[in-house]
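Only one structure is covered here, and it is reproduced in the block below.
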Amino acid sequence: MNKETRMRKANYIRKDEINLCRFVEISYSVIERNIEGKWEYVGKVKEKGLQIRNRVYLFDDKYKLAHYKDTKILEVFEGIPEWATPKMIERYEEFKAEQKGKLLFSK
């Protein structure tokens, strides 16, 4: 499987994820270039973030794809946890308001 096919699969949004918005804890692998310019496995990292559809937004405003080969969801949090940043809360509330608007107009 080439890189383009892997990325297409990772970016795919499943039907059950179209309205998905939740706070999660994920684990993913970290690889970095070493001195010789080769990629080297550094280890696994656990982070908390906001999952909207198939993307998990982290504290540094970067995101990880939830379907990427080494990304695993470890825990799902109900509601808004105390560790959420104002930016995450704003994204969460915007998405929920957008979904409510779509539901009102679809009836």
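Per-residue answers, yes or no, for (1) closer than 23 Å to Lys15 by Cα; (2) charged (D, E, K, R); (3) modelled with pLDDT of 90 or more:
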{"position": "Glu47", "(1), (2), (3)": "no, yes, yes"}
{"position": "Leu65", "(1), (2), (3)": "yes, no, no"}
{"position": "Lys69", "(1), (2), (3)": "yes, yes, no"}
{"position": "Glu82", "(1), (2), (3)": "no, yes, yes"}
{"position": "Glu94", "(1), (2), (3)": "yes, yes, yes"}
{"position": "Gln99", "(1), (2), (3)": "yes, no, no"}
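With the requirement that a residue be open to solvent by 30 Å² or more (accessible area, probe 1.4 Å) and either in contact with a helix residue (DSSP H, G or I) (Cβ under 6 Å, 6 or more places away or on another chain) or among the small types (Gly, Ala, Ser) (or both), what does the range 81-91 give you?
Step one: of the range 81-91, the residues open to solvent by 30 Å² or more (accessible area, probe 1.4 Å) are 82-83, 85-87, 89-91.
Answer for the range 81-91, where residues must be open to solvent by 30 Å² or more (accessible area, probe 1.4 Å) and either in contact with a helix residue (DSSP H, G or I) (Cβ under 6 Å, 6 or more places away or on another chain) or among the small types (Gly, Ala, Ser) (or both): there is none.
The set of residues from the range 57-77 being free of Cβ contacts under 8 Å to residues at least 24 places away in the same chain and open to solvent by 30 Å² or more (accessible area, probe 1.4 Å) comprises Asp60, Lys62, Tyr63. Does the range 48-56 include one or more residues that are open to solvent by 100 Å² or more (accessible area, probe 1.4 Å) and at negative phi? The answer is no; no qualifying residue exists. Only residues that are free of Cβ contacts under 8 Å to residues at least 12 places away in the same chain and surrounded by 10 or more Cβ atoms within 10 Å (Cβ to Cβ) were counted in the range 35-47, giving 1. Note on the range 13-30: residues that are at pLDDT 90 or above and over 13 Å from the mean Cα position of the chain (by Cα) total 2.
Quick grid of which residues meet (1) assigned to a strand (DSSP E or B); (2) among the aromatic types (Phe, Trp, Tyr):
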{"site": "Asn19", "(1), (2)": "no, no"}
{"site": "Gly49", "(1), (2)": "yes, no"}
{"site": "Val56", "(1), (2)": "yes, no"}
{"site": "Phe59", "(1), (2)": "no, yes"}
{"site": "Lys64", "(1), (2)": "yes, no"}
{"site": "Gly79", "(1), (2)": "no, no"}
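Of all the criteria given as (1) modelled with pLDDT under 90; (2) open to solvent by less than 50 Å² (accessible area, probe 1.4 Å), the one not satisfied by Arg6 is (2).
The values are calculated or read from the model by the stated rules, or taken from the named source; none is laboratory data. Please read these numbers as outputs of a predicted model, since none were measured by experiment. So basically every Cβ, Gly included, is an ideal-geometry build from the backbone, and we count neighbours across all protein chains shown. Ligands, DNA and RNA are stripped out before the accessible areas are found, and what is left, the full protein with its side chains, is counted by its heavy atoms. Shrake-Rupley method; radii C 1.70, N 1.55, O 1.52, S 1.80 Å.
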